[in-house]
Amino acid sequence: MCIYSKFLQMIVKKFQIILFILIVITSCADSELHSNKNSFSELYYSDQNGVHILSEAAKQGGNKYLIWTAEVNPYKRSISIVRAEQDLSRSQKVSVVANSENAIFAINGGFFKIFDEESHLLPNKYLQKSGINPNIFPYYALPKKTLKINNTWYGTNATWHSAVGWNISENKFLMDEISVTPVLTFTNNINRRKKTLKLSAINSLSFKYPYIAYTNLWKKPIQFPNFGFLLLWNKENDHKAKIINLSEIEKKEERKFKINNNEIIVFFKNLTDIIKFSDVSGLQIDYSIKSNSKEDWNKMDFIVAGNPLLIKDGQIQSPFPNKNFYVQKFARSAMCKLKNGNILFATLGKGDITENVKDGASIQIWAEILQQKGCKVAINLDGGGSSAFYYDKELKNKVNTTKEKSGYSDFDYYKIVTQERFISDVIIVK
C-alpha cells in the first residue's frame, strides 16, 4: 500500500511538472503574440469607403520603423497602373500622376532603368551630382523587367522574375515567379509559310540583346547605335519591309528613328538573322507567359514586376540572397493580398533621396513586418528614393519643401529638398 501511495505521488509530481511547463509555454506564446500586436503603434488613421489608411511606428528586430499602409477593397475601388505620360521616353512623379488621374491613393510601381535621350545608361553617381529631376536633366525611365498596362506591353523579360498581375473583371490578383517572352510572328512571302522568332526584349535600349522589337509607345525618336540592323515594317505597306544597316550611317542624328502608329521596328545584332526577313509580311508581336503555378497570366489586364517575392502561402520566402539590395536598410514599398481578400499597399521609411540607406530595413525585416500585418502573399516593389505613398492629395512618407521655404541654392534645392523621384509607373486607386 505504501509503495502504491509513493507511486501515485510520483505520478502526481510529474503531472504537475508537465502542467507547469505547458503553462509557461502558453504564457510565452501569448506574450509573444501580445508583443507582436503591440509592436505597431498607431500614428494616423483614415477611412474612405473601401480605402483604409494607417500610419504606424513599428518595432522589429530592436529597431523602429515608420510604416504607411493602404488596405483597399477591390470590390469597392478600382486598382490600375499608369505609365508616366503614357510614353516610354518620359518619367514622372507619383504625386503628379495621382493628381492628373484624380486618384485617392497611389504608390510607386516596378523597378526601372534610367537612360538619357541619347540612349546611354546613366550611372547613379552622375544622377547624384546632377540631382534626380528631369526638369534639370531629362531621362527615360524604362521598365527593368515586365510591365503590362490595360493589355498593352511596355516591357518584358524572358528571365524568371517576381511579378504581380490582376484582372479587373474577375478581381483576381496573382503574385508569382513568371517569364514573359515576346514572339515575332510573320509570313514568308516566298513559300507563304507562317514563322515565328523569339525576341530577347521589347522597347529596351540595352543593345546587347540579339533581337529587340520597338512599338509605337515612343513619342520621341529612338537613338540607335552604329552597329546592327533594323527591320522597319509598316502595316499599311505590308509587303515592303525595309532593312537598314546601321553601320553604314555615319551621322548619329540620322540613326534616330520615329515609330508611327502602324509601325514595328526590330533591331537585329547580326546580319545572318535579318536576311531571313528580306521578303515578309503580316508582322505582329505575341507574348508567351510562363509561371510556377497553373494560373493563366494571359488574362491579367495589369502586370508589374517586383523583386523579390516576399511571402507565399503565408510563409516568408527566405533565405534571401546575401547581397547589398537585400541586406541594406533601404526604404521599401510592397503590395500584398490579405486573408480577407483585400489588397494591402505598404511603404517603410521616408524614402528620402539623400537618406534612403539610413532610413529603411532589410528585405528579411520587411517580410517579417508584412507577415505580421496579415499578408498571405506579398511582393516587394521598387524602393529607396523611389518609394512614395500618396493619399488624399499629398505625399505621406516624405516631404517636398518649396524653394522659397528651403533657403537652398538651385543646385542644393533639386538635389536635397525635392525628395520625390521621377519614376516609370504608378499604381493608383480610384
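What follows draws every value from the coordinates through simple rules; no lab data is involved. Predicted model only: the values in this text are computed from it and were never measured. Reconstructed Cβ throughout: ideal geometry from the backbone, glycine too, with neighbour counts over all protein chains shown.
State to the nearest 20 debye the size of the charge dipole of segment 47-429 about its Cα centre, where the only charges are +1 on K and R beta carbons and -1 on D and E beta carbons.
Computed about the Cα centre, the dipole is about 620 debye.
Please give the peptides 198-205, 384-391, 61-68 ranked by average Cβ packing (other Cβ atoms within 10 Å per residue), highest first, as a rough proxy for protection.
Ranked from most to least packed, the peptides come out as 384-391, 198-205, 61-68.
Ranked highest first by the average count of other Cβ atoms within 10 Å around their residues, in what order do 361-374, 319-332 fall?
Averaged packing, sorted descending, gives the order 361-374, 319-332.
Could you give the dipole magnitude of segment 163-228 about its Cα centre, charging the beta-carbon of Lys and Arg +1 and that of Asp and Glu -1, in debye to the nearest 20?
Result for segment 163-228 is approximately 480 debye, rounded to the nearest 20.
How many angstrom lie between the C-alpha centres of segment 40-59 and segment 148-213?
38 Å
How large is ³J(HN,Hα) for each residue in segment 307-318, as worked out from phi by the Karplus curve 6.51 cos²θ - 1.76 cosθ + 1.60 (θ = phi - 60°), to whole Hz, x for Gly and Pro?
The phi angles translate into 6, x, 6, 7, 9, 9, 6, x, 10, 5, 8, 8 Hz.
Along the Cα→Cβ direction, 7 angstrom out, place labels at Asn171 and Lys258. What is the inter-label distance in nm?
4.5 nm
Considering only Phe302, Gln328, Phe268, whose Cα is most displaced toward the positive end of the charge dipole of segment 47-429, charges sitting on Cβ of Lys, Arg (+1) and Asp, Glu (-1)?
Phe268
Beyond a 27 Å Cα-Cα separation, which of these cross-linked pairs lie in this structure: Lys294/Lys337; Lys208/Lys276; Lys113/Lys294?
Lys113/Lys294
Calculate log10 I(q)/I(0) of segment 47-429 for q = 0.06, 0.11, 0.14 Å⁻¹, where I(q) comes from the Debye formula with a single equal point scatterer on each Cα and nothing for solvent.
Here log10 of I(q) over I(0) equals -0.25, -0.81, -1.21.
Defining a contact as two alpha carbons under 8 Å apart and six or more residues distant in sequence, what relative contact order in percent does segment 260-381 show?
29 percent.
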